[in-house]
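Q: This structure is in structure tokens; I'll ask about it shortly.
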Amino acid sequence: MPINPKAKLVEHLLDVKAIEQKPTRDGYGTGLLAAGDENPSVVALCADLMESTRTEAFAQKYPDRFVEMGVAEQNMASVAAGMALMGKIPFISSYAMFSPGRNWEQIRTTIAYNEANVKICGAHAGVSVGPDGATHQAIEDIALMRPIANMTVFSPCDSVEAHKATYAAAKITGPVYVRYAREKTPVFTTAQTPFEPGKAMAFWVEPVRTKPDVAIISCGPLTHNAILAAAELEREGMKVRVINNPSIKPLDKETILKAAKDAKAIVTVEEHQVAGGMGSAIAEFLAQSYPVPVEFIGVQNRFGQSGTPTELIEHYGMGAAHIIEAVTRVIARKS
Amino acid sequence: MPHLHEDKIKFLEEMANQIRQDVIAMVSHARSGHIAGPLGMADIFAALYFHILRHDPKHPEWSERDRLILSNGHICPVRYAAMARAGYFPVEELKTLRTFGSRLQGHPHRTILPGVETTSGPLGSGLSQAVGMAIVAKMDAKKINIYCLMSDGEQECGQTWEAAMLAGKLKLDNLTALIDRNNIQIDGMTEDIMPLEPLRQKYEAFGWHVLDINGHNFEEIANAYETAQAIYEKPVLIIAHTIPGKGVDFMEFEYPWHSKTFKPEEAKESLAQLRTLQGKIKSEHE
């Protein structure tokens with residue numbers, strides 16, 4: 001199977017029935033706890049969503065290092081800034097729709113411009129939030145955080161990578177945004193899978209000494225869909241490279257540039273508005289350095305709605321079949 | 001803090017007058033910037049930097065210093081002037097206010113000017129940051145006072161009340177906030193724009209101990225901050241009644257001077273008034 005051995009992925013990652021399923025927010029809970037165990041300066045703040053953001057384990061183990069903010073996300077961002085200026089490493093969590101959705105200016109001014117060492121952790125990102133509907137489905141959060149100077153942005157692909165991204169955030173001096181999802185999704189990376197800020201990695205690779213027909217660059221749990229699409233495309237005889245790109249900012253320009261040069265056609269995949277998301281970041285970079293056709297998988301200028309996660313991913317055009325269609329389109333555009 | 005002797009009061013009066021002159025020189029030189037608020041707060045800044053704060057201008061990063069958060073960043077000329085006079089940076093540098101490459105940004109920026117404590121300008125977020133600092137001071141069992149200065153206009157911001165609620169809940173008795181109650185904001189008088197009263201009862205209902213003072217009387221200013229240190233299990237709010245544009249007769253109480261800029265002759269007239277003002281300011285204490 002064309003899995004990159006260096007990625008150390010789970011063995012049966014194509015077996016959607018057997019693969020373990022966990023929400024990425026679980027990785028926030030364990031990553032925060034690990035960071036807190038290691039560094040007593042790590043503190044956590046939460047806006048009345050302790051259980052569902054998975055802040056609970058930290059709050060129970062370290063009650064003196066946890067502040068319950070109530071439903072006050074703007075206050076939470078700036079209180080965290082004040083705590084950071086006194087030497088703490090605050091992690092703030094709520095649903096991404098409210099933080100960074102509601103407190104954007106506080107994050108920009110009192111955290112990012114102020115160079116306050118705060119980690120913004122947005123749970124329930126994407127339409128896969130499901131039954132709660134569009135009000136609670138953040139599909140603009142990457143676009144909100146990406147243009148802020150000093151900000152780092154991560155979108156991990158499963159709970160294991162989410163743990164690593166959370167833990168890594170504590171080690172970075174400066175503001176970091178990490179987005180997490182509500183729904184259980186396949187756990188296909190392992191503790192041995194590399195995670196490094198500013199690094200992307202090919203999970204699925206073309207046969208050795210060949211060039212791929214297309215490179216799919218993906219972030220978040222949809223990376224698993226991208227791998228399923230690649231497996232299907234391989235059966236049709238196509239050579240595909242799938243790159244998992246959790247570090248939206250800073251971007252791994254080297255890996256992306258090489259993919260563009262090798263494949264000469266890119267499909268980006270994310271559970272976010274196409275406008276301003278990870279695909280936009282890649283297109284901005286490639287337009288300047290090595291322009292190739294790009295097709296974008298993501299939400300196309302619409303709001304979400306209630307439904308099951310699977311229904312919504314399909315309805316908004318982000319299923320494996322949609323990725324395959326996008327691959328066909330982008331290959332047709334190759335000169 | 002030490003007792004306020006008569007000599008010290010006289011010193012603070014002269015310092016406040018100097019700060020007012022600095023503010024007028026800075027803002028007229030910059031041809032932009034706020035004026036009424038800084039003049040109204042000059043006495044409080046003189047009292048803070050020269051009597052109340054535990055700080056070391058030569059070591060602005062001293063970890064045990066009191067923290068002074070200026071939430072309404074737009075009155076920063078008065079803070080810059082007080083800081084320069086206290087020895088944080090050369091008085092000469094005041095002339096660079098609002099110019100390219102200056103450390104004295106139009107609204108204060110923490111990382112380029114040591115001693116500024118936080119970046120501010122967008123209203124309503126300073127109290128939250130002060131609350132965050134007060135939480136950490138308690139967490140780490142540090143005897144540090146956290147002071148926050150706010151405008152009255154920014155009491156219209158919802159975030160101010162989110163912070164007030166949290167400070168009350170956590171009984172942050174190491175936090176003393178002060179509202180510059182000058183009754184003006186950009187579009188007019190606060191009570192016309194958005195009635196704020198009864199401010200005292202509102203904060204009391206949020207679990208605060210509230211003091212009302214004349215913001216131009218040094219004894220009242222010093223007493224209020226001294227009282228604040230003696231209050232346990234409650235954050236303290238000082239409502240400082242001030243006269244916007246204090247010290248320059250054609251600006252006092254006039255809301256258009258909130259952010260209006262000077263004509264050269266107006267700046268000249270203001271400075272002339274301040275230089276002959278000692279008697280007028282003293283009258284507050286009689």
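The values are calculated or read from the model by the stated rules, or taken from the named source; none is laboratory data. Not measured: the values here are computed from a predicted model. Virtual Cβ from ideal backbone geometry, glycine too; neighbours counted across all protein chains shown.
Q: Considering only residues that are among the charged types (D, E, K, R) and at pLDDT below 95, look in segment B:201-252 and name the one that is surrounded by the fewest Cβ atoms within 10 Å (Cβ to Cβ).
A: So the first thing to find is which residues in segment B:201-252 are among the charged types (D, E, K, R), and the list is B:202, B:204, B:212, B:219-220, B:226, B:233-234, B:246, B:249, B:252.
Remaining after also requiring at pLDDT below 95: B:246, B:249, B:252.
Working: B:Lys246: 26, B:Asp249: 14, B:Glu252: 16.
In this case the residue turns out to be B:Asp249.
Q: Pick out the one residue from B:Glu154, B:Glu92 that is more than 18 Å from the chain's Cα centre (by Cα), among the charged types (D, E, K, R), assigned to a helix (DSSP H, G or I) and more than 8 Å from chain A (Cβ to nearest Cβ). Full working, then the answer.
A: On the way: B:Glu154 fails: more than 18 Å from the chain's Cα centre (by Cα).
Exactly one of B:Glu154, B:Glu92 is more than 18 Å from the chain's Cα centre (by Cα), among the charged types (D, E, K, R), assigned to a helix (DSSP H, G or I) and more than 8 Å from chain A (Cβ to nearest Cβ), namely B:Glu92.
Q: Here is a follow-up. Determine which member of the set B:Ile184, B:Ile179, B:Ile144, B:Ile193 is at pLDDT below 95 and either more than 14 Å from chain A (Cβ to nearest Cβ) or over 15 Å from the mean Cα position of the chain (by Cα) (or both). Don't jump to the end; show me each part of the working.
A: Values: B:Ile179 fails: at pLDDT below 95; B:Ile144 fails: at pLDDT below 95; B:Ile193 fails: at pLDDT below 95.
Result: B:Ile184 is the single residue among B:Ile184, B:Ile179, B:Ile144, B:Ile193 that is at pLDDT below 95 and either more than 14 Å from chain A (Cβ to nearest Cβ) or over 15 Å from the mean Cα position of the chain (by Cα) (or both).
Q: Just wondering, is there one or more residues in segment A:224-243 that are within 30 Å of A:Ala149 (Cβ to Cβ) and touching a Pro at 6+ places or on another chain (Cβ under 9 Å)?
A: no
Q: Next up: I'd like to check something: does segment B:54-62 contain any residue that is within 25 Å of B:Lys246 (Cβ to Cβ) and of a type in the set (A, V, I, L, M, F, W, C)?
A: Checked segment B:54-62: no residue is within 25 Å of B:Lys246 (Cβ to Cβ) and of a type in the set (A, V, I, L, M, F, W, C).
Q: Return a yes/no flag: does segment A:182-190 have any residue that is surrounded by fewer than 20 Cβ atoms within 10 Å (Cβ to Cβ) and closer than 21 Å to A:Ser94 by Cα.
A: Pass one, segment A:182-190, residues surrounded by fewer than 20 Cβ atoms within 10 Å (Cβ to Cβ): A:184, A:190.
Next cut, closer than 21 Å to A:Ser94 by Cα only: A:184.
For segment A:182-190, residues surrounded by fewer than 20 Cβ atoms within 10 Å (Cβ to Cβ) and closer than 21 Å to A:Ser94 by Cα: present.
Q: Another one. Under 9 Å between Cβ atoms, which residue pairs at least 6 apart in sequence (or on different chains) link something in segment A:24-53 that is closer than 12 Å to A:Phe66 by Cα with a partner that is crowded, with 24+ Cβ neighbours inside 10 Å and of a type in the set (Asp, Glu)?
A: A:Ala47/A:Glu73
Q: Give me the strands (runs of 3 or more DSSP E) completely within segment A:207-314, filtered to those with at least 2 residues that are acidic (Asp, Glu) and under 15 Å from the mean Cα position of the chain (by Cα), ordered by residue number. It would help to see each step written out before you state the result.
A: Details: elements: A:214-218, A:240-244, A:247-249, A:266-273, A:294-299.
Where strands (runs of 3 or more DSSP E) fall fully within segment A:207-314 and carry at least 2 residues being acidic (Asp, Glu) and under 15 Å from the mean Cα position of the chain (by Cα), they are A:266-273.
Q: Filter segment A:315-335 for residues that are more than 18 Å from A:Cys219 (Cα to Cα) and part of a helix (DSSP H, G or I) and give the result. Spell out the reasoning first.
A: Keep residues of segment A:315-335 that are more than 18 Å from A:Cys219 (Cα to Cα), which gives A:315, A:325, A:328-335.
Across segment A:315-335, the qualifying residues are A:His315, A:Glu325, A:Thr328, A:Arg329, A:Val330, A:Ile331, A:Ala332.
Q: With the condition kept exactly as written, say whether any residue in segment A:55-66 is buried (at least 24 other Cβ atoms within 10 Å of the Cβ) and under 21 Å from the mean Cα position of the chain (by Cα). Even if it seems obvious, please write down each step before you answer.
A: Keep residues of segment A:55-66 that are buried (at least 24 other Cβ atoms within 10 Å of the Cβ), which gives A:55, A:58.
Going one step further and asking which of them are under 21 Å from the mean Cα position of the chain (by Cα), we end up with A:55.
The answer is yes, given that some residue of segment A:55-66 is buried (at least 24 other Cβ atoms within 10 Å of the Cβ) and under 21 Å from the mean Cα position of the chain (by Cα).
Q: Follow-up question, since we're still on this one. Spot the failing condition for B:Gln105; the list is (1) in a loop (DSSP other than H, G, I, E, B); (2) under 25 Å from B:His258 (Cα atoms); (3) away from chain A (no Cβ under 13 Å); (4) not hydroxyl-bearing (Ser, Thr, Tyr), and only one is missed.
A: Among (1) in a loop (DSSP other than H, G, I, E, B); (2) under 25 Å from B:His258 (Cα atoms); (3) away from chain A (no Cβ under 13 Å); (4) not hydroxyl-bearing (Ser, Thr, Tyr), B:Gln105 violates only (3).
Q: For segment A:57-123, list the strands (runs of 3 or more DSSP E) that sit wholly inside it and hold at least 1 residues that are within 11 Å of chain B (Cβ to nearest Cβ); which are they? Spell out the reasoning first.
A: Details: elements: A:66-68, A:89-95, A:119-123.
The strands (runs of 3 or more DSSP E) meeting that bar are A:66-68, A:89-95.
Per-residue answers, yes or no, for (1) outside any helix (DSSP H, G or I); (2) hydroxyl-bearing (Ser, Thr, Tyr); (3) modelled with pLDDT of 95 or more:
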position	(1), (2), (3)
A:Thr135	no, yes, yes
A:Ala143	no, no, yes
A:Pro147	yes, no, yes
A:Val153	yes, no, yes
A:Pro156	yes, no, yes
A:Val160	no, no, yes
A:His163	no, no, yes
A:Tyr167	no, yes, yes
A:Ala170	no, no, yes
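Q: Looking for something in a loop (DSSP other than H, G, I, E, B), facing chain A (nearest Cβ under 10 Å) and closer than 24 Å to A:Phe66 by Cβ - is there at least one such residue anywhere in segment B:157-172?
A: The first filter runs over segment B:157-172 and keeps only residues in a loop (DSSP other than H, G, I, E, B), leaving B:157, B:170-172.
Filter once more, keeping what is facing chain A (nearest Cβ under 10 Å): B:157, B:170.
After this cut, where a residue has to be closer than 24 Å to A:Phe66 by Cβ as well, the list is B:170.
Yes, there is a match, as at least one residue in segment B:157-172 is in a loop (DSSP other than H, G, I, E, B), facing chain A (nearest Cβ under 10 Å) and closer than 24 Å to A:Phe66 by Cβ.
Q: Identify all residues within segment B:109-140 that are buried (at least 24 other Cβ atoms within 10 Å of the Cβ) and more than 7 Å from chain A (Cβ to nearest Cβ); write none if there are none.
A: Listed by number, the residues that qualify are B:Val116, B:Glu117, B:Ser120, B:Gly124, B:Gly126, B:Leu127, B:Ala134.
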